Structure formats: structure tokens, C-alpha cells
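The values are calculated or read from the model by the stated rules, or taken from the named source; none is laboratory data. Predicted model, so just to flag it, every value in this text is computed and none were measured. Cβ atoms come from the backbone with ideal geometry, glycine included; neighbour counts cover every protein chain shown. What goes into the accessible areas is simple: the full protein's heavy atoms, side chains included, and nothing from ligands, DNA or RNA. Shrake-Rupley method; radii C 1.70, N 1.55, O 1.52, S 1.80 Å.
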Amino acid sequence: MLRISGRLLTAAVCVVALGSGGEALGAQTANWFTVGAAATGIRLQSRFATGASSDVSGIAVGASSGVEVGRVALELGYWQGRVGADPNGTQQQDVIDGYALLVLRAAPWLRVKGGAEARSYLTAGGTEHWVFWQARLRAERTIVDPSVRGHIELWHALSTEVNTPVTVDRAQGGEVGVTLLRALGPLWARLAYAMDDVRLVGSTRRQTLEALALTVGYGGR
């Protein structure tokens, strides 16, 4: 049975409030295609049942694309970065992440998404692979018409696959951001903050990944 934390439930309420209380983004049905490139600051925190912990950070770069036809869209993305070694003994590691999501525009302000996100942690001692099969909700509203748009996106893993003996108890996360568009012609710029939280069975380990991304793109609505 899915378990949703209080923070995630609060954020879900904010999603509904954002869409129902804000300006509609329009019932546009025009097809569109977009691409983007991002520079991201990442912070990886791990806490263990033994009391040990690590807190490391680094930089990642990535790319994304999307295509929408009518009410259905496909989103693809990939990023890769490196976080430094922790004084407590955590090795320097590369972090690689990619996703593929099918999107349904349920309302002018609301998008429902489903798909997979795969993440790998590479160290000298080996590689951990994580696959999250996700359900997502994204709400958007125009903050300053017509140039600035805000969004909230939440996700929850319906199932998770890992290549280690442990299993995932819960995985979820969210993102908030603002996008500047129209004033830049076909170009747009987005600043977004995201946080993922993964807990392993028995609370033997909890891992949080934070990301602050600046994306510049072309195309779209």
C-alpha cells in the first residue's frame, strides 16, 4: 500500500490550490516541440541506522526534450554529475540520471505523468542502479502575464528496482520553479529546485538528493 508523507500531502494540496486559484494557461491544442540544456548544483545526503552520515555536493549538466500532440506528450531527460568525497569516508562518485515520461494534459493547468526514472551512483567500489516507476502531478500558473510562469511537480514511486540486496521502502519527491518565456522569443529560461527522498526497508538508510537547476531551452508552448 502506498504511504504518503505529511510533506507530500501538503504539497499535493498546494498543487490543487495553485491550479484552481490561478489563471488558466489556455486550452491550447497546438502541437509543440522543445529542447533544453541545464547546469545543476546537486547535494547528496545519506543517513544510516548506525548513526553514520554523509553530505556531499557537486555539479551536473544535462539535456531534456519534449513533444506534445494534442493532449498527450512525451518527455525525455538526462543529466550527469559528480559529487566529492566526504570527510567521513564516502568516496567521490558520479551520479547519472535519465527519465522517460508519458504525459496527459488533464486540464489547462494540470498534467498527469507516468513513466520511469533510472539513476546510477558510480564509485571505485562499484555501481548502484535505481529504477523508479513513477506517477507524477504537475500544476502550472501564469505569475506575470505573459512572461513568467510558475510550477509545482510531485512524484511518488509506485515500484522501485535496485541492484543491491536491500529494497526501497518509499521513494518520492517534488520540484518548484519559475520559467521566463515570450520575452525571449522562441527561447526560455527556467530556475527550479527539486528534492528526492528515498528510504530503504527498515530505515537502514535514507538518501536525499537536492538539485538547483538553471535550464535554457528553445520551443514549446
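Just a few scattered comments:
- Protection proxy ranking of 162-173, 129-140, by the mean of other Cβ atoms within 10 Å over each peptide's residues and highest first, is 129-140, 162-173.
- Dipole size of region 133-221 about its Cα centre, with +1 on Lys/Arg Cβ and -1 on Asp/Glu Cβ: approximately 160 debye, rounded to the nearest 20.
- Couplings 3J(HN,Hα) of region 138-151, computed from phi: 10, 10, 9, 8, 7, 8, 10, 6, x, 9, 10, 10, x, 8 Hz, in residue order, whole Hz [Karplus 6.51 cos²θ - 1.76 cosθ + 1.60, θ = phi - 60°; x for Gly and Pro].
- ALA183-LEU102 FRET efficiency (beta carbon distance; Förster radius 30 Å; 0.05 resolution): 0.45
- Between the alpha-carbon centres of region 146-191 and region 205-221 there is a gap of 6 Å.
- Counting only protein heavy atoms and a probe of 1.4 Å, the accessible surface of region 41-87 is 62% carbon and sulfur.
- Tail weight of P(r) past 26 Å, computed on alpha-carbon pairs of region 84-221, percent: 34 percent
- Across region 52-57, coupling constants 3J(HN,Hα) worked out from phi with the 6.51/-1.76/1.60 Karplus curve, θ = phi - 60°, read 6, 7, 9, 8, 10, 9 Hz, and Gly and Pro carry x.
- Using the alpha-carbon positions of region 122-197, Rg (one decimal) and Dmax (whole number) come out as 17.3, 51 Å.
- Per residue convex hull volume, Cα atoms of region 157-221, in Å³: 110 Å³
- Estimated at the nearest 10 Å², the accessible area of TYR218 is 130 Å² with a 1.4 Å probe.
- Near ALA118: Cβ cut-off under 11 Å, other residues only, Lys/Arg at +1 and Asp/Glu at -1. The net charge is -2.
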